[in-house]
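The values are calculated or read from the model by the stated rules, or taken from the named source; none is laboratory data. Computed from a prediction, not measured in an experiment: that's the story for all the values here. Because the Cβ atoms are built from the backbone with ideal geometry, glycine has one as well, and the counts that use them run over all protein chains shown. Accessible surface is based on the protein model in full, side chains and every heavy atom, while ligands, DNA and RNA are left aside. Shrake-Rupley method; radii C 1.70, N 1.55, O 1.52, S 1.80 Å.
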Amino acid sequence: MKMFTNLRLNMLNKKAASLENRPEEVLKNLNIHKGDIIGDVGAGGGYFTFEFSKKVGKKGRVYAIDTNQKSLAFIDNKSKKEMINNIKPVLANEKGFLLPETADIFFLRNVFHHLPEPVEYFKNIKQFLKKDGKIVIMDYKKEQSRFVGMFGHYTPEKTVIDIMKKAGFDASKKFEFLPKQSFIIFKIK
């Protein structure tokens, strides 16, 4: 079972790193600084968690946040093996998570469509976001994949913006360079 989990998580990481998903451009547009605190919500296999770790440096922290304990164990084991000390796993639930400090950035890639009550979710996690912090939401566009559309693994951009507005956030930047995903940065109203 562990081998299957590791294989699945490595596949997720490979997909996140693919040129089609333009990870370098995504990272560049997040404007991450040394010392930042980042919450990677729905961290999965940890591709972005580890990229964020490099960007925030030794004085920063990255919280790998997920509802799947096996994903968190995978990230934690890799962190220990590679002697990375600025990544902390956090087990979440459908309503949110708890952090010991506030974050500069919460990053959600292909997670939004999994949230059963997104307005409440973002209201709950707002307390862990710095006043000038940002929430980054990337989610699939329906028209880009039969699988995505058929199984509801997408959220229309307008819906994301409307939900975030109800939760107390305004869209501050929108990027159009990803062919299969929306990419929006939100700030507290």
Checked segment 46-136 against the a/c 1.5 cut and the a/b vs b/c comparison, axes a ≥ b ≥ c from its Cα gyration tensor; verdict oblate
Please compute the volume of the convex hull spanned by the alpha-carbon atoms of segment 64-114 and report it per residue in Å³.
96 Å³
Suppose R0 equals 22 Å; then what is the FRET efficiency for residue 24 and residue 173 from their Cβ-Cβ distance, rounded to the nearest 0.05?
0.80
Rounded to the nearest 10 Å², the 1.4 Å probe accessible area of residue 25 is 60 Å²
Where trypsin sites (Lys or Arg not before Pro) fall in DSSP loop in segment 91-144, at most 16 other Cβ within 10 Å
95
Mind checking which aspartates and glutamates have their C-alpha under 19 Å from residue 131, skipping anything on the same chain fewer than 8 residues away?
36, 40, 101, 104, 120, 170
